[in-house]
1. Suppose the filter is assigned to a loop (DSSP other than H, G, I, E, B) and open to solvent by 40 Å² or more (accessible area, probe 1.4 Å); does GLU217 pass it?
2. Quick check on the range 361-368. Is at least one of its residues β-branched (Val, Ile, Thr) and either buried (at least 24 other Cβ atoms within 10 Å of the Cβ) or within 17 Å of the chain's Cα centre (by Cα) (or both)?
3. Specify which of the listed residues (ALA312, ALA373, ALA316, ALA390) is more than 11 Å from ligand 1 (Cβ to nearest atom), closer than 26 Å to LYS114 by Cβ and either in contact with a strand residue (DSSP E or B) (Cβ under 7 Å, 6 or more places away or on another chain) or free of Cβ contacts under 8 Å to residues at least 12 places away in the same chain (or both).
4. Taking ALA286 as meeting all but one of (1) surrounded by 21 or more Cβ atoms within 10 Å (Cβ to Cβ); (2) assigned to a helix (DSSP H, G or I); (3) at pLDDT 95 or above, write down the number of the exception.
5. For the range 372-401, how many residues meet the condition of being hydroxyl-bearing (Ser, Thr, Tyr), away from ligand 2 (no atom under 16 Å from the Cβ) and open to solvent by 60 Å² or more (accessible area, probe 1.4 Å)?
6. Residues in the range 393-410 that are hydrophobic (A, V, I, L, M, F, W, C) and more than 16 Å from ligand 1 (Cβ to nearest atom): how many?
7. Criterion first (without any contact (Cβ under 8 Å) to a residue 12 or more places away in the chain, within 26 Å of ASN319 (Cβ to Cβ) and of a type outside the set (Phe, Trp, Tyr)) does ILE46 satisfy it?
8. Is it the case, given these coordinates, that PHE119 is away from ligand 1 (no atom under 12 Å from the Cβ), out of contact with any Asp or Glu (no Cβ under 6 Å at 6 or more places or on another chain) and outside any loop (DSSP other than H, G, I, E, B)?
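The values are calculated or read from the model by the stated rules, or taken from the named source; none is laboratory data. Small disclaimer: the values here were computed from a predicted structure and weren't measured. Please note: Cβ atoms are built from the backbone with ideal geometry, for glycine as well, and neighbour counts cover all protein chains shown. Accessible surface areas use protein heavy atoms only, side chains included; no ligands, DNA or RNA. Shrake-Rupley method; radii C 1.70, N 1.55, O 1.52, S 1.80 Å.
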Amino acid sequence: MSNLPHEPEFEQAYKELASTLENSSLFEKHPEYKKALKVASIPERIIQFRVTWEDDKGELQVNRGYRVQFNSALGPYKGGLRLHPTVNLSVLKFLGFEQIFKNALTGLNMGGGKGGADFDPKGKSDNEIRRFCCAFMSELGKHIGADIDVPAGDIGVSGREIGWMFGQYKKQTKLWEGILTGKGGNWGGSLIRPEATGYGLVYYVQHMIQYASGGKESFSGKKVAISGSGNVAQYAALKVIELGGTVVSLSDSKGAIVATTDKGIDAEMIESIAKLKVDRKQLSSAADDFGSKVKYIDGARPWLHVGNVDVALPGATQNEVSKEEAEGLIKAGVKFIAEGSNMGCTQEAIEVFESHRKSSKGEAIWYAPGKAANAGGVAVSGLEMAQNSARIKWTSEEVDDRLKLIMKNCFENGLQTAKTYLTPSEGEFPSLVAGSNIAGFSKVAAAMKEQGDWW
Ligand code: NDP
Ligand code: 8G0
């Protein structure tokens, strides 16, 4: 990659995947898959475009828009749209790359893609955001389609923005098609899509806990540290509470709240955080309303402030757990770490967790990567696509049951694949990061070969 511009996030995601494949027996059994990796690491196509829009003062504003159409071996490109000032090609390539293998793990027919813009919705009026969304879709709309590429929301894009983008697409094409997921529940959106990533994350961790305890333990009585306070974090927190766990933290880009009582952060508090986030406000304003129930820590991530915890669920953004924080969490007693966010842990943090998969003293630690643990979101997007194509609507129970089954399969696939390609020693947890990478990659590589993408 030496003749390429420096793309730190993409290189991190690529190396993370490549190193787990190289350190397994995959390339011994399939030496030809090295070629597949070389081909798969280059996106099929990248679309970059200008987005001009008018602010409330009537002045012109301009942003950079992107769609990375990374891999279509398994189906139409599928993945979210991120609106955040940190968006650049390196970030979107890392997200699109991870998306390919995650989508493979869902068992549904979806390729991998990601898009967005360096537009910051914070400090913008609703009308400005609507005008931006329409301007963005006026170009993106030329490159997507229900059988070509199906975007969805991500950081900074909720159901409201999806609605504005969908309306713009319909105006310019006259087509009502399932070209976006995360749509409104009464106009083609799937029930449980808003909840899917957070719920799916908790369903996945339930399997980790059950496997590790030989079926004896569950979320009941567990202390759970969560970061972020957006879509993923909110629904993960609500599901933890429903299953009898205690949520001890949440955070946002400005700081963290940590519970000061045994009751933790309750459902009512999460409800009021959800309301405040619709208005793009910060957690610090909620902390005042919660009084002595929480402590607000300005400018901090939660990990080193949560006290003893059993489970940690990063749910904000990439690289939000450092080596020092990983070590701190281990000292605090953490047993299970599962990423709700994409690439939530730095490579150094992953190494710390992975080196503790075996322990003679019964304190082994188990890490699950985002591409397995947060696959529930894109899985229910896949179910939304299926419902749109069939012009039907499933009930919440039907979708939730399918989500539970997909997360179970995703866990078991990673587990079994790790056992096959790494032969873990007695008493060692199989590596879910290696197993999930190998399972996702092998499926995509085989499909690419059959379609003549490499030979
Ligand atoms: P939201 O926009 O709903 O929430 C994002 C949260 O993360 C907010 O609390 C936000 O804080 C915080 N945050 C965002 N950027 C940063 C940053 N640079 N530093 C610190 N905090 C930050 O997004 P989602 O909940 O949808 O997404 C969270 C993560 O989960 C992302 O990594 C996303 O890719 C991943 N994911 C999302 C899925 C989905 O279905 N939505 C599916 C799978 C993965 P603030 O409010 O201050 O901006
Ligand atoms: O539904 C989606 O395509 C989607 C949206 C946001 C994030 C993700 C992801 O898997 O990271 C998928």
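1. Yes; evaluated as a whole, the condition is true for this residue.
2. Taking every residue of the range 361-368 in turn, none turns out to be β-branched (Val, Ile, Thr) and either buried (at least 24 other Cβ atoms within 10 Å of the Cβ) or within 17 Å of the chain's Cα centre (by Cα) (or both).
3. ALA312
4. Of (1) surrounded by 21 or more Cβ atoms within 10 Å (Cβ to Cβ); (2) assigned to a helix (DSSP H, G or I); (3) at pLDDT 95 or above, only one is false for ALA286: (3).
5. Residues meeting the conditions: 1.
6. Total meeting the criteria: 2.
7. no
8. no
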